[in-house]
Structures are given as C-alpha cells and as structure tokens.
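The next block holds one structure in the form of structure tokens; read it before the comments.
The values are calculated or read from the model by the stated rules, or taken from the named source; none is laboratory data. Keep in mind that what you see is a predicted model, and the values were worked out from it rather than measured. Here the Cβ positions follow ideal geometry from the backbone for every residue, glycine too, while neighbour counts run over all protein chains shown. Calculation scope for accessible area: heavy atoms of the full protein, side chains included, ligands and nucleic acids excluded. Shrake-Rupley method; radii C 1.70, N 1.55, O 1.52, S 1.80 Å.
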Amino acid sequence: MPELGKEEQPAEPQNLEEREEDADLEQGPALLETLHRADSKLQTTFRQAKEPDSVVQSFFDEVAANIANGVSALSSTVAKGAEELGNSISDSFGNKAGDVASFFKSLSINSSSAAPTPARSVAGGSSQASVATSGRSSFTTTRESSEPGPGTAKDTKEGSFTVKEVEGIYGVDYSKYPIASYVKLPSALQPFVNLPGLDHYMVVARPTMDKSGGLAGYREVVPKTVRAAAPFLIVVDEPGTTVQDKGYLWYEFKLVDVFKLDVSKMKSFDDYLAKLSKKGRWNCKDRQKKLNASPLKVEYIPLTQDRAFLETLWPLYQRTGEKNGFCVLGEKEFFDFHLNTPDLTVMMIKDTSKDNQIVTFCTGVRAGDTLMPMWCGTDYDHELAMKCSTYYNMLYEYFKIAIADPAINWVDLGATRRTAKTSIGCEGYPVSGYVRCKNSIMLAIVDTMMKEYFNPSEFMQDP
C-alpha cells in the first residue's frame, strides 16, 4: 500500500466528465425520484400502448386469468367478499366502474378453493410474493438504542403481537405520499384514488431509500393510527426478508443498491484514504488542496428553526434540482421538513471574499448510527463551485465528522449514481420494497401492476 503522506499522481489527467461528477451526485433522494420516473413511464405506456378502457379491461382480464389458472392465488375465504365488493362498486359508480365490478365478480366465479401458498416465485425472479405467517403465540419486539425514533417506549397489544411502540420521525423513518400526485390511473380507476381511504400510500424507509424499521420493526417506527389509515403500505428491507406478521401477504419487488460508507472501524481520515483507489486518493487530496488554497471555508452548524435562514437556502436547492431535471421537494415540503424535523444540521461552504456568500450547502440528517447528507444546493454560477469541487469537499467533511463520532457507523448517500459514489469509497447494499397486501385480491393486483409497469433499472440512473 502506498504511503499516504506522499502525493500520488493520477493514472490519467482528470477530465471534464470527472469534474462534472459533482453535479451528478446532487440528484434528489432516490425514493422520490424513482416515483417520479415510474409515474412518467406509466403515463407514457397508457398513452402510447392502449386506450384507457382497454388498459383497464386487459389488466383485469389478466389478473382474473392468473387466478383462475393458479398462477396467482385467491383464498376461498375472500371469494364471496370479492363478488360483494364488485356489486358495491357497480352500485356506487355506475357504468364508470362496470369493468371493475366485472373483474371482481370474475375472481369469485373463476377462483379455486385453494388457500394462498406460504411463498412463491414470480417470473423472471425480479419480484417475489410471500405470505407472512401468523403464529398464534405472542412475541415481543424490542428496540436497540441505535434505532431511530425519539418517542417514549410503551407496550401495546395488536392481536397476537406485543409491540414495543416507539414512534419514528416523519420524513426520516417513514413518509406519506398522495397517490394522485404520482400515479394517474385509467379513467375507470381514477375515482378510487380520490376517496379519503385510498388517496395515499405510506413508505417505511429513510429518504435515501435505505431500510428504517424494516419488516420486523415497521410497527415500532410508524404509529399505529398512521398504519391503520394507510390503504397502501410499502416497507423497505433487505432482499429475501421474511417476518411473522398478523396474516398479511407481503409482495417483494427489487430496487437498486443503496450506497453507504462503513466508518465503524475507521479511526482517522487516513483510514478512509486507505480505502480508496490510487486515483481516488489523488482526487481527494487534489480537491481539498484547491479548497484550502481558495477563499472558501467550511462551516457545520445545528440547523435552527429559522425561516429567514432557510429562505437563503431554498433558491440554491431549487436551482440545483432544476439543473438535474427534477426538484424532489417543492417549496412547501422543503420548509416543512426543515422547520419540523428535529436535530438537523447543515454543512455550508462559504466565500469569505464575498461577504460569506453560500456556495454549497447540504442538510445533515441523523438516524440511529447513520448520518445522511440529504438536501443539497450549489450556486453553479459561482466561479469556484466546480473549480474547487465544493460538493465533493462537503462530502469529505461529512466523512470526517462520522469518523470522529464513535456513535456513527455509516454515512448513507442513497441510491443511484454508482460510478460517482463508488469512486469516493461507498459500497452498494441491495434493498427491496415490500407491499403489504391485506388479501389475495390485492396481492394479485399488485403482482400484475408491478410486473407490467415497474422496472427499477428504467427509473433509476445507476451507471
């Protein structure tokens, strides 16, 4: 291993593409970006492939055929309910939902009496539907001190479960998204996503798309009242995870890797440098050398609930999002998050020669033993932003903070942008999403929709 104290030369000169990696890394958090891309793909498919009515009919026909042929399972215990639901839908919405009613009626007519199998594989291996077994004996879930959530612990009974209830932080451990904002369904289904009980879905994950509570701990992270009100619940966890649950069916779909830096065994920044490639070490030292020789300075402070200060950050965040093609947070969401989320910090790189003008900033979010550099903004019109690689230097400073804090084991940069993130020492960790299904009908619908419209490689830029 080369001596770290000596300057190393790169294998080849740093080119324009490498210098522009700063901008690549400043894409919005992958979870919301993925939803945006999936929505765009879905709408294009609806517009180009079929008329809305034929989309609905062919979709329902396919699900009904899968169940009738045994490809998808439908429990006999919900067959009667399916027919009654079909009649109810028809009565409530008239001809607009005629094909929906026909679909549910076809399920009850064509379904076998076989109960759902405990687990099954889906074609191509890209997704997996699994039935969570409901044990009759009680079990207790406890939290480790490093788990997220500032709430006070309390025991609560949920059927056969005894759960140590500790509420997580909204926007950090779980988030609620309106369905109508991200998915525009065919005309026959549009009335349903505007109903109070069907207008949103809950995602139990960190905003980087990494696991928060996971399947084993989502009950602890999300308050019971919030879970009960969510018509659709998606939990992010490691691939292939199984869990005992209260009779729910869990549909697994694979996402792309989340990129994190493991600092648990690092004692100094030299340990971090030793992890990098020869080129990566040279780039790091070169970037920091240019920053130190400039009038720029780094400042890291707690983020107080000061709206006037946030007013100076919002334009930088907005312009950065627009430059990268998608602004994840709107203005209201940006201020709501920063004014209501506890224990935030902010890293800033300022120009001392221009009255401490902010060139780059990034909000730091702490969850358990993980530090997440989250919402970022850069003034790309500033002549030193790219020359001094302000975004990369800000990440190096976050790495230093994490290494110096024995309670931090991970720095989480989120999904996508594999090349840029691995070049600074991060490694990819696979994750999956799990959709909670309350019965076999919902499982069959989710199965068909995901296989038809969701391909993570098309929605997430992961070169």
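Annotations
- Computed from the C-beta positions of K265 and K290, the FRET efficiency with R₀ = 22 Å rounds to 0.15.
- Contour minus Cα-Cα distance for Y429 and L273 (0.36 nm per residue): 54.1 nm
- The shape of segment 236-332 can be summarised by an equivalent ellipsoid whose semi-axes, obtained from the alpha carbon gyration tensor, come to 35, 27, 15 Å from longest to shortest.
- When each of K265/K421; K260/K289; K176/K350; K254/K275; K260/K451; K285/K354 is checked by Cα-Cα distance, pairs over 27 Å: K176/K350; K254/K275; K260/K451
- Loop sites in segment 262-324: trypsin sites (Lys or Arg not before Pro), DSSP, at most 16 other Cβ within 10 Å: K265, K267
- Extension gain (nm, one decimal) between Q305 and A404, 0.36 nm per residue minus Cα-Cα: 33.0 nm
- At most 16 other Cβ within 10 Å, DSSP loop - trypsin sites (Lys or Arg not before Pro), segment 377-452: K438
- Label point 7 Å beyond Cα of V226 along Cβ direction - residues of segment 331-347 with amide nitrogen under 14 Å: 337, 340-342
- Summing Lys and Arg as +1 and Asp and Glu as -1 over all other residues whose Cβ lies under 12 Å from the Cβ of M266 gives a net charge of 0.
- Heavy atoms of I445 accessible to a 1.4 Å probe, total area in Å² rounded to 10: 50 Å²
- Solvent-accessible surface (1.4 angstrom probe) belonging to E397, in square angstrom, nearest 10: 40 Å²
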